[in-house]
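The values are calculated or read from the model by the stated rules, or taken from the named source; none is laboratory data. Worth saying up front: this structure is predicted, and the values here are computed from it rather than measured. Cβ placement follows ideal geometry from the backbone for every residue including glycine, while neighbour counts extend to all protein chains displayed. Accessible surface is based on the protein model in full, side chains and every heavy atom, while ligands, DNA and RNA are left aside. Shrake-Rupley method; radii C 1.70, N 1.55, O 1.52, S 1.80 Å.
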Amino acid sequence: MPLRHVIRLLIPVAALGLSVSAAPAFADDPHAMHNMQHAHGDGAATNIGEAGDAAQATRTVEVDMRDTMRFSPGTLTVRRGDTVRFVVTNSGKIRHEMMLGTAASLTEHAKMMQQMPGMSHAEPNAVTVEPGQQKTLVWHFTQAGTVDFACLEPGHYEAGMRGVISVR
């Protein structure tokens with residue numbers, strides 16, 4: 001079975017807090033994790049909204065990611081029902097990402113990413129952006145509340161690379 005399929009099988013198990021003895025073995029081999037992607041399945045982000053249709057975007061927000069481990073802007077407010085096109089630029093010299101989630105899910109995911117350096121995300125609520133590049137993330141905010149975002153590259157979240165979206 002290809003390693004990417006193994007990772008996709010392990011992620012839901014790890015998200016449930018169950019121990020997975022095979023996961024640390026991947027972290028021991030830096031070549032095994034280089035440029036790998038993983039996804040969390042369709043239900044992972046439903047409590048923060050859903051993937052949006054770019055043609056339905058009601059707003060565009062430019063987000064800059066910097067090597068100072070900060071997003072600009074770090075906070076913003078949207079309306080429930082908005083579909084936002086995030087134009088995410090990495091103006092730094094190292095890889096960054098922007099992932100939407102709950103504070104709890106991002107904290108847990110950051111711990112997992114520490115064991116899987118080099119992993120990138122293949123999910124509708126995240127973009128991984130190489131230095132000097134730009135990507136677009138489109139998100140439909142379906143519920144009022146708080147949606148957090150963060151860079152989960154190892155050490156970035158811990159250094160404070162995170163932000164908050166208030167959905168009113």
Query raised in the report: Just checking, how many residues over the range 122-150 are within 18 Å of Arg85 (Cα to Cα) and either hydroxyl-bearing (Ser, Thr, Tyr) or open to solvent by less than 50 Å² (accessible area, probe 1.4 Å) (or both)?
Result: 19
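Could you please let me know if Ala110 is of a type in the set (Gly, Ala, Ser) and surrounded by fewer than 20 Cβ atoms within 10 Å (Cβ to Cβ)?
On the way: of a type in the set (Gly, Ala, Ser): yes; surrounded by fewer than 20 Cβ atoms within 10 Å (Cβ to Cβ): no.
No.
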Query raised in the report: If you go through the range 151-162, how many residues are over 10 Å from the mean Cα position of the chain (by Cα), in contact (Cβ under 8 Å) with a residue 60 or more places away in the chain and surrounded by 20 or more Cβ atoms within 10 Å (Cβ to Cβ)?
Result: 3
